[in-house]
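> Okay, here's the structure, questions in a sec.
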Amino acid sequence: MPQIWPIGGGKGGTGKSFVTGSLGILLAREGYQTLLIDLDLGAANLHTTIGAPNPEKSLSDFVNKKVAALDETIIPTPTPNLFMISGAMNNLDIANLAHEQKTKILREIAKLPYNYILLDLGAGTSFNTIDFFMISNSGIFITTPEPTATENIYRLIRAVYFRKIRQVLNVYHFRALAKEAEERNSKATVTNPDLLLDMIKELDPEKGGMLEQELNTLEFGLLMNQHRKQDNPDIGRFICQIIEKHLALKIQFLGNIAFDENVHLAVCKKRPFLEMSPYSRTAIDFRECFKKLLIMKDKSFGIRHAVDRVL
Ligand SMILES: Nc1ncnc2c1ncn2[C@@H]1O[C@H](COP(=O)(O)OP(=O)(O)OP(=O)(O)O)[C@@H](O)[C@H]1O
Ligand SMILES: [Mg+2]
């Protein structure tokens with residue numbers, strides 16, 4: 001079973017594709033078979049961040065039934081162990097995928113034989129984006145220090161978290177219990193997870209414990225990209241604290257990634273930034289965040305990675 005990391009941001013241009021590509025390269029360099037999937041449907045450009053040529057095959061071929069299986073759309077990249085599925089670039093229909101098509105894609109993704117699968121998601125809190133977050137318990141959220149981006153990332157994390165709670169409530173047939181909790185206290189709803197959980201635990205300690213356990217398996221991380229020297233280095237940590245306070249959701253701050261003019265240059269030259277500027281502050285930041293990510297995932301999956309080799 002692959003580890004699947006959906007990567008999203010509340011706002012366009014925060015660096016989701018850049019981060020997805022860079023983390024993919026770091027995983028591949030560690031020897032992991034890694035697949036990147038561009039699910040920014042209708043605005044796909046992940047390939048440029050990893051120096052891959054314009055893809056000849058894409059997700060559209062699967063959606064439009066040109067190929068029978070999703071793995072037929074996989075293409076190699078210039079980095080050994082790193083593969084990708086390009087998103088649709090010219091197909092407007094794909095941005096409005098039907099539910100069955102999405103479910104089919106999700107089912108196929110989970111079966112692919114890779115160690116890691118990273119999903120580059122579209123900006124915002126659209127149904128498509130949130131649906132793709134439902135495929136795993138992980139989620140990496142990208143923001144910049146600008147208030148417009150931080151406000152949107154809060155909204156996105158909240159939307160994903162509430163949908164996860166609804167999903168768990170459905171799976172375990174907790175609906176009746178949740179309804180009863182709300183009847184007793186009208187504030188005990190999904191949008192007030194702490195209270196809802198307390199009420200369910202009171203009504204049925206065993207099922208309440210199961211629900212709590214299930215929610216504790218969520219592993220969300222926040223990454224602050226395009227961080228400039230004049231920015232407060234603790235904004236990311238503050239956002240995590242606010243989320244914990246208001247949503248009772250623990251989210252790990254993965255660190256700041258410095259802004260670097262050369263990222264633009266690397267994108268223009270279609271070369272991976274980590275190859276072009278391996279000793280830059282930004283590249284060092286990436287390796288530090290990557291190390292934190294592996295430690296976080298190690299804890300949840302009980303797998304020992306060779307973390308010390310990374311730095
Ligand atoms: N750390 C950084 N330093 C400097 N520039 C950056 C950094 N990260 C990203 N950028 C720049 O920001 C732009 C947007 O990055 P990217 O395309 O990865 O964002 P995105 O969130 O995927 O955008 P979209 O929502 O359009 O898919 C790129 O042109 C890239 O050059
Ligand atoms: Mg993008």
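> Run the quick spin-label model on residue 250 and residue 284: label points 7 Å from Cα toward the beta carbon, then report their separation in nm to one decimal.
3.0 nm
> If the cut-off is 23 Å between C-alpha atoms, which lysines fall inside it for residue 229, apart from same-chain ones fewer than 8 positions away?
Correct list for residue 229: 11, 16, 291, 292.
> Which three extents, in angstrom, do the Cα atoms of the chain have along their principal axes, listed largest first?
So the extents along the principal axes, rounded to whole Å, are 61, 50, 37.
> To the nearest 500 deg cm²/dmol, what mean residue ellipticity at 222 nm is calculated for the chain from DSSP H runs of n ≥ 4 alone, each contributing -39,500 (n - 2.57), summed and divided by the residues?
Numbers: 13 runs with 148 residues, N = 311.
Roughly -14500 deg cm²/dmol at 222 nm, from the helical runs in the chain.
> Now for a separate question. Which whole-number percentage describes the relative contact order of the chain, with Cα contacts under 8 Å and a sequence gap of 6 or more? Kindly include the intermediate steps, with their values, before the conclusion.
On the way: 550 pairs, mean separation 65.0, N = 311.
With pairs under 8 Å counted, the relative contact order is 21 percent.
> On to the next question. Once you put a point 7 Å from the Cα of residue 185 and another 7 Å from the Cα of residue 241, both along the Cβ direction, what distance in nm separates them?
2.6 nm
> Would you mind checking the radius of gyration and Dmax of the stretch 170-293 based on alpha-carbon positions, in Å?
Every Cα atom of the stretch 170-293 included, Rg and Dmax give 21.0, 61 Å.
> In whole Å and largest first, what semi-axes does the C-alpha gyration tensor of the stretch 1-107 yield when each eigenvalue is scaled by 5 and square-rooted? Please report the intermediate quantities before stating the final value.
Details: eigenvalues 90, 52, 37 Å².
Each semi-axis is √(5λ); the values are 21, 16, 14 Å.
> A further question on this structure: Over the stretch 15-91, what is the mean sequence separation of C-alpha contacts under 8 Å (at least six apart), divided by residue count, expressed as relative contact order in percent?
On the way: 133 pairs, mean separation 30.6, N = 77.
Contact order relative to length: 40 percent.
> OK, next. For a quick check: with amide H placed at 1.01 Å from N, whose amide H comes under 5 Å from residue 136's, ignoring anything fewer than 5 positions away on the same chain?
Correct list: empty.
> A follow-up question, please. Where both partners of a DSSP beta bridge lie in the chain, what percent of those bridges are antiparallel, to the nearest 5?
Values: 2 of 32 bridges.
Roughly 5 percent of the DSSP beta bridges within the chain come out antiparallel.
> Then there is this: So which lysines can residue 187 reach, going by Cα to Cα under 25 Å and dropping same-chain residues fewer than 8 places off?
Hits, sequence-local ones excluded: 164, 179, 201, 207, 245, 250.
> If you don't mind, another one. How big is the accessible area of residue 235 in square angstrom, nearest 10, if you roll a 1.4 angstrom probe over the protein chains?
Residue 235 exposes around 40 Å² with every protein chain in place.
> Counting only protein heavy atoms, what percent of the accessible surface of the stretch 181-268 is carbon or sulfur at a 1.4 Å probe? Walk me through the intermediate numbers first.
On the way: 2360 of 5000 Å².
Its accessible area is 47 percent carbon and sulfur atoms.
> Convex hull volume of the Cα atoms in the stretch 225-281, per residue, in Å³?
On the way: hull volume 5.6 nm³, N = 57.
Considering the Cα atoms of the stretch 225-281, their hull volume per residue is 98 Å³.
> Hey, can you find the accessible area per residue of the stretch 123-253 for me, probe 1.4 Å, expressed in square angstrom? Please report the intermediate quantities before stating the final value.
Values: 6750 Å² over 131 residues.
Heavy-atom SASA per residue in the stretch 123-253 reads 52 Å².
> What part of the accessible area of the stretch 50-167, given as a whole %, is carbon or sulfur when the probe is 1.4 angstrom?
On the way: 2720 of 5240 Å².
On the stretch 50-167, the fraction of accessible area on carbon and sulfur atoms equals 52 percent.
The values are calculated or read from the model by the stated rules, or taken from the named source; none is laboratory data. Everything quoted here is computed from the prediction, not taken from an experiment. Note: ideal-geometry Cβ built from the backbone for every residue, glycine included; neighbour counts use all protein chains shown. Ligands, DNA and RNA are stripped out before the accessible areas are found, and what is left, the full protein with its side chains, is counted by its heavy atoms. Shrake-Rupley method; radii C 1.70, N 1.55, O 1.52, S 1.80 Å.
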